[in-house]
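Visitor: Once you've had a glance at the structure underneath, I'll fire off some questions.
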Amino acid sequence: LGDPGDYGLDAMFPAAFLALLAPQMRRPGAHVAAVAGALIAVALVPLVPAGLPIPAAALGVLPALVALRRARRP
């Protein structure tokens, strides 16, 4: 296939991810979960091997979602 940069595929995958993510950001609590995941991923980048910050961020979003559900309960 060659170099993905030659075909613009290196920018296509993040753009496709953002296109899938944008409609989900309208849900209540989505911004808090997104920020929590982003902070975890950015903090782990210099500390762990490549490939681990993203799954760790996905797992780190769960406590943020639980906290939001508890906060919404009357």
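Visitor: Relative to the first principal axis of the alpha-carbon coordinates of the chain, what is the inclination of helix 9-21, with its axis defined by its Cα atoms, in degrees from 0 to 90 and to the nearest 10?
Guide: 20
Visitor: So what's the angle, to the nearest 10 degrees on a 0 to 90 scale, between helix 30-44 and the longest Cα principal axis of the chain?
Guide: The angle comes out near 60 degrees.
Visitor: Sticking with this structure for a sec: Compute the long axis of helix 53-72 from its Cα atoms, compare it with the longest principal axis of the Cα atoms of the chain, and write down the angle in degrees, 0 to 90, nearest 10.
Guide: With both axes taken from Cα atoms, the answer is about 20 degrees.
Visitor: Taking the chain as a Gaussian network, Cα atoms linked when under 10 Å apart, which of ALA58, ALA38, ALA11 shows the biggest mean-square fluctuation?
Guide: Among ALA58, ALA38, ALA11, the largest mean-square fluctuation in the Gaussian network model of the chain belongs to ALA11.
Visitor: A further question follows. Roll a 1.4 angstrom probe over the protein heavy atoms and tell me the percent of accessible area of the chain that is carbon or sulfur.
Guide: 72
Visitor: So, one more: Please work out whether the chain counts as rounded, prolate or oblate from its C-alpha gyration tensor, where a ≥ b ≥ c are the square roots of the eigenvalues and a/c under 1.5 means rounded, while otherwise a/b larger than b/c means prolate and anything else oblate?
Guide: Oblate, because a/c is 1.5 or more while a/b does not exceed b/c.
The values are calculated or read from the model by the stated rules, or taken from the named source; none is laboratory data. Source: prediction; values computed, not measured. For the accessible areas, the whole protein counts, side chains as well, though only heavy atoms, and no ligand, DNA or RNA atoms are used. Shrake-Rupley method; radii C 1.70, N 1.55, O 1.52, S 1.80 Å.
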